[in-house]
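I'd like to ask you about the structure that follows.
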Amino acid sequence: MLSCTAPVHQPRSLAEALAQRAVHPFATVLAGGTDVMVYLEGGALKPTAFLDLWRVDELRGISTSGGVTRIGALATWTDVASYAALPAALRDCARTVGAAQIQNRGTVGGNIVNASPAGDSLPMWLVLDASFELRSWRGTRKVPAAEFWLAYKRTALAPDELLTAVIVPTVTGEVRYRKVGTRLAQAISKVVLGLRVSFAEGRVSEARVAYGSVGPVPARASAVEGRLVGHPLTEANIDAAVAALDIHPLDDIRSTADYRNEVARRVLRAELIAL
Amino acid sequence: MPFQFSVNGRARSVDAPPMARLLDVLREDLRFTGSKEGCGEGECGACTVLIDGLAVNSCLVPVIQVQGAEVVTVEGLADDGRLSALQEAFVRCGAAQCGICTPGFLVTAHALLQKNPHPTRDEARDALSGNLCRCTGYQKIIDAVTGAIVGEDRC
């Protein structure tokens, strides 16, 4: 039984949420609860207060206009999985988050702000050139995904800011997603790969390769991207690109550095060969 | 703080701390003890209930977030003491062994059948992948769920 008596602030509008965040910058932000409740139960979180965003309807929903898709921070993984205008690989990713019960409750914003190195979706925002809309009572700014995760569990969010939406532009190319965990469902990832490759005249014109779970923050593998661009996707070029991968994963409770190094290369190679 | 929501179609009011887990409120305050606690961290699905029609882990939902919602627990699946087709199929197929996972499987499978009355075995496995059976009696559960509506289970 959970006996947490910290006060819970529950704004009913975005304006109210931003005003409350300004006054309660240290309150634990609560969205779908699928991470926060686990930390609370495990005693890993001793909050002084909560800011529960669940009633802020302005943060819900997914919409597309002018080729740009806007995913509200409270959109759930079930919402993402069923939104046909999003890349199929992102919808596949949504279906790997936990299982049905977690997908029905867990939010896109929570996954991003929680900033776990193993966050299932994080490499996808990097390969889709997504940016995050951060708002506070002071105003709104857009931060590219590549500049959001600063260090282990540290983000670019200012203490008075909330993540309000993810902005996904229309991108070219083939998009792929691979998650490797102990089993298909309910697994915390050992390696996550996001991949996007565009071609022009038989050569790779643009490449995005990003990994999760193999470093303190999700990150692009720029050496691999650099080795892919300008070349046809032959087996020799794929092998050279895979050889350029420079990651430094750790041993932890879920896997070993050796396993992650090996699997990160194998899934990249397999996905490139399959393109 | 008082919270109002419905459980199995009947309005309820509960005085609980806002971060109390829906699971505890259901079991301890309202005495709906059908929902079970397995892992308490969203891994096992034994505490699955429906909130506004969606299957969720009630161990991960603070009661403040169910204010005004419609909650359905395993107790809400039978109609006036008459088991649902799904529950009948569980009985017929021997889909319950020790039984602790059964309420969660039933609620999750109920949500699946509302959306997709005739799931394939793979669809059923996928939909139920957030529910663990410690007796590992998965085949009979899948038998029951895939045959529940038309009574065509293999049992």
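Ranked highest first by the average count of other Cβ atoms within 10 Å around their residues, in what order do A:78-86, A:217-225 fall? All intermediate terms of the calculation are to be shown ahead of the outcome.
Details: A:78-86: 16.8, A:217-225: 20.8.
So the order, starting with the most tightly packed, is A:217-225, A:78-86.
Full extension from A:Y259 to A:T182: what is 0.36 nm times the residue separation minus their Cα-Cα distance, to one decimal in nm? Could you put the intermediate results ahead of the total?
Numbers: separation 77, 0.36 × 77 = 27.72 nm, distance 1.23 nm.
Difference between extended and current length: 26.5 nm.
Take the alpha carbon atoms of segment B:38-78, find their radius of gyration, then divide it by 2.2 N^0.38 Å using N residues; give the quotient.
Numbers: Rg = 10.2 Å, N = 41, 2.2 N^0.38 = 9.0 Å.
Scaled against compact globular proteins, the figure is 1.13.
What percent do you get for the relative contact order of chain A when only Cα pairs under 8 Å and 6+ apart count? Display every interim value, and only then the final one.
Working: 598 pairs, mean separation 41.0, N = 275.
15 percent.
If you rank A:Y39, A:Y152, A:Y211 by fewest surrounding Cβ atoms within 10 Å, what's the result? Before the final figure, lay out each step's value.
Values: A:Y39 15, A:Y152 11, A:Y211 29.
Listed from fewest to most nearby Cβ atoms, that is A:Y152, A:Y39, A:Y211.
Which whole-number value in Å³ per residue fits the convex hull of the alpha carbons of segment A:39-113?
Numbers: hull volume 8.2 nm³, N = 75.
For segment A:39-113, the hull spanned by Cα atoms encloses 110 Å³ per residue.
Here's something else I'd like to know. For chain B, what is the mean residue ellipticity at 222 nm derived from helices alone (per DSSP H run of n ≥ 4: -39500 (n - 2.57); sum divided by total residues; nearest 500 deg cm²/dmol)? Walk me through the numbers on the way to the answer.
Details: 4 runs with 40 residues, N = 155.
For chain B, the value works out to -7500 deg cm²/dmol.
Segment B:68-155: Rg/Rh from Cα coordinates, Kirkwood Rh? Mind showing how you got there, number by number?
Details: Rg = 12.1 Å, Rh = 12.9 Å.
Dividing the radius of gyration by the Kirkwood radius yields 0.94.
Return one quarter of the surface area of the convex hull spanned by the alpha-carbon atoms of segment A:8-52, equal to its mean projected area, in nm².
Details: hull surface 12.1 nm².
Dividing the Cα hull surface by four gives the mean projection, 3.0 nm².
Any idea what Rg and Dmax come out to for chain B if you just take the C-alpha atoms, in Å?
Rg then Dmax for chain B, in Å: 15.1, 49.
Taking a ≥ b ≥ c as the square roots of the eigenvalues of the Cα gyration tensor of the protein assembly as shown, is the shape rounded (a/c under 1.5), prolate (a/b larger than b/c) or oblate? Present the calculation step by step, with values, prior to reporting the outcome.
Working: a/c = 2.02, a/b = 1.33, b/c = 1.52.
Oblate shape, in that a/c is at least 1.5 and b/c is the bigger or equal ratio.
Sticking with this structure for a sec: Please compute the volume of the convex hull spanned by the alpha-carbon atoms of segment A:122-166 and report it per residue in Å³.
65
Going by the alpha-carbon gyration tensor, a ≥ b ≥ c the square roots of its eigenvalues, is segment A:69-220 rounded (a/c under 1.5) or, if a/c is not under 1.5, prolate (a/b greater than b/c) versus oblate?
Details: a/c = 1.39, a/b = 1.14, b/c = 1.22.
The shape class here is rounded.
In what order do B:C39, A:C93, B:C44 fall by count of nearby beta-carbon atoms within 10 Å, going from fewest to most? Display every interim value, and only then the final one.
Details: B:C39 15, A:C93 27, B:C44 24.
Lowest count first: B:C39, B:C44, A:C93.
In nanometres, what is the gap between the two model label sites at A:E174 and A:A85, each 7 Å from Cα along Cα-to-Cβ?
Between A:E174 and A:A85, the simple spin-label model gives 2.7 nm.
Further question: Quick one: Cα centre-to-centre distance for segment A:223-275 and segment B:48-125, in angstrom?
So the separation of the two Cα centres works out to 42 Å.
Given the pairs A:K190/B:K115; A:K153/A:K190; B:K36/B:K115; A:K46/A:K142; A:K190/B:K36, which span a C-alpha to C-alpha distance of over 27 angstrom in this model?
On the way: A:K190/B:K115 32 Å; A:K153/A:K190 17 Å; B:K36/B:K115 24 Å; A:K46/A:K142 31 Å; A:K190/B:K36 30 Å.
Beyond 27 Å between Cα atoms: A:K190/B:K115; A:K46/A:K142; A:K190/B:K36.
If one takes the longest principal axis of the Cα atoms in chain B, at what angle in degrees, from 0 to 90 and to the nearest 10, does the Cα axis of helix B:102-115 lie?
80
Here, each number is a calculation from the coordinates, and none is a lab measurement. Remember, it's a predicted structure, so these values are computed and weren't measured experimentally. Using ideal geometry, Cβ is built from the backbone for each residue, glycine included, and neighbour counts are taken over all protein chains shown.
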